[in-house]
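*Asks:* Sharing a structure below in structure tokens format, with a few things to ask.
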Amino acid sequence: MVGSRHAGPAETALDYILTRLVPSIPDNNISWMAVSLLSAGVPFDHELLKEALMLLAFRQKPDERWTSEDGPSWDIHTTLECLRAFKMAGVLAPL
């Protein structure tokens, strides 16, 4: 985002989202957001991504999966998306 003429507004938007990142947001939404932001070039050490990944790490179930608000049949997709987010950020998920 550095050097972009949209860096200021983008940073403002990311800061706003950070204030709305609450534990009630489902795992699948957080993982989608993280993957989308990383794919868009937001640095992995951005505060929003760090908070999102910490929240996901905390929410991993004892059987090593994450849950989907769409039901248990979608947990595998959510789990893969969470692992993808961790991999894109260059960190290991707690397994």
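*Asks:* For segment 44-89, what is the relative contact order in percent, using Cα pairs closer than 8 Å and at least 6 residues apart in sequence? It would help to have the intermediate numbers written out before the result.
*Replies:* Numbers: 22 pairs, mean separation 14.1, N = 46.
That works out to 31 percent.
*Asks:* Under a point spin-label approximation (7 Å from Cα along Cα-to-Cβ), what is the Val22-Leu80 distance to one decimal in nm?
*Replies:* My value for the distance between the label points is 3.2 nm.
*Asks:* What whole-number distance in Å separates the alpha-carbon centres of segment 7-36 and segment 66-88?
*Replies:* If we compute the Cα centre of each part, the gap is 17 Å.
*Asks:* So what is the relative contact order of the chain, in percent, for Cα pairs below 8 Å that sit 6 or more residues apart?
*Replies:* 32
FYI, it's all coordinate maths here, none of it is from the lab. Quick caveat, the model's predicted, so the values are computed rather than measured. Backbone-built Cβ (ideal geometry, glycine too); neighbour counts: all protein chains shown.
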